Amino acid sequence: MQAVCRNCPVIREKNCEKPVRPLPRDEDPGNGPPFFAIALYLIKNNGGNYMGESRLHYGMSLRLYFEEKAFGPGMVMLLREVERTGSLQKAAKAMNMAYSKAWKMLKGAEKEWGFALTDRETGGKDGGGSTLTPQAERLIEAYEGFKKDAVDHLDQLFAQYFSEEKVEKIKGME
């Protein structure tokens, strides 16, 4: 059975493993409500069906806020890449991101949370590197659990409000 991919605007298998990607700047909701914000976008496009039939589906980007943006899909991607590569610089490069932007994102999130997300070892003979702190690992786990539960509920709500029958009724075709 096909379902809406939570990470990209196409119809995919329910548990798509494609990495989460942040929204483009022009779709970024900017300053959201305090503590957290959900940006829910209803997107109508090709939906992965290349026979000309469009399917309505939703896309979601979940971000957490204190005063400023504190955590979201971009930070999860960055931290996962740091974990994989052992380096913020290599993680930024793997994501086609400037190192200065990755550093700014990391420092901003650390400031908002009040703790370090990575343990950093400066260069030297072995070249240095970065690892995730236990707090970062717990934060990622909590964020991903929150996101999964939010998406599960949103899937139900989407089906309730935008089933094929409801969409036909909205269009006035019934």
Quiz item: Checking M105 against (1) closer than 19 Å to Y65 by Cβ; (2) of a type outside the set (K, R); (3) out of contact with any Leu (no Cβ under 8 Å at 6 or more places or on another chain), which single condition isn't satisfied?
Solution: (3)
Quiz item: From the list E112, E67, which residue is modelled with pLDDT under 95, farther than 15 Å from S130 by Cβ and surrounded by fewer than 20 Cβ atoms within 10 Å (Cβ to Cβ)?
Solution: E67
Exercise. Go through (1) part of a helix (DSSP H, G or I); (2) without any contact (Cβ under 8 Å) to a residue 60 or more places away in the chain; (3) in contact with a strand residue (DSSP E or B) (Cβ under 7 Å, 6 or more places away or on another chain) one by one and return the number of the condition D119 breaks.
Key: (1)
Quiz item: Just checking, how many residues over the stretch 145-174 are surrounded by 13 or more Cβ atoms within 10 Å (Cβ to Cβ) and charged (D, E, K, R)?
Solution: 3
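To keep it simple, each residue is scored yes or no on (1) part of a helix (DSSP H, G or I); (2) modelled with pLDDT of 95 or more.
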residue	(1), (2)
M75	yes, yes
L78	yes, yes
W103	yes, yes
S130	no, no
E141	yes, yes
Q156	yes, no
K166	yes, no
Quiz item: If we keep just the residues of the stretch 90-107 that are in contact with a helix residue (DSSP H, G or I) (Cβ under 9 Å, 6 or more places away or on another chain) and not hydrophobic (A, V, I, L, M, F, W, C), which is surrounded by the fewest Cβ atoms within 10 Å (Cβ to Cβ)?
Solution: S100
Quiz item: Looking at the stretch 60-102, which of its residues are of a type in the set (D, E) and under 21 Å from E144 (Cα atoms)?
Solution: E68, E81, E83
Quiz item: Can you tell which of S163, S130 is in contact with a strand residue (DSSP E or B) (Cβ under 9 Å, 6 or more places away or on another chain) and among the small types (G, A, S)?
Solution: S130
Practice problem: Scan the stretch 137-159 and report the pairs whose first residue is at negative phi and whose second residue is among the hydroxyl-bearing types (S, T, Y) and at pLDDT below 95, with Cβ atoms within less than 9 Å and a gap of 6+ or a chain change. | Solution: L154/Y58; D155/Y58; F158/Y58
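The values are calculated or read from the model by the stated rules, or taken from the named source; none is laboratory data. In this text, all values refer to a predicted model and were calculated from it rather than measured experimentally. Cβ: placed from backbone, ideal geometry, glycine included. Neighbour counts: every protein chain shown.
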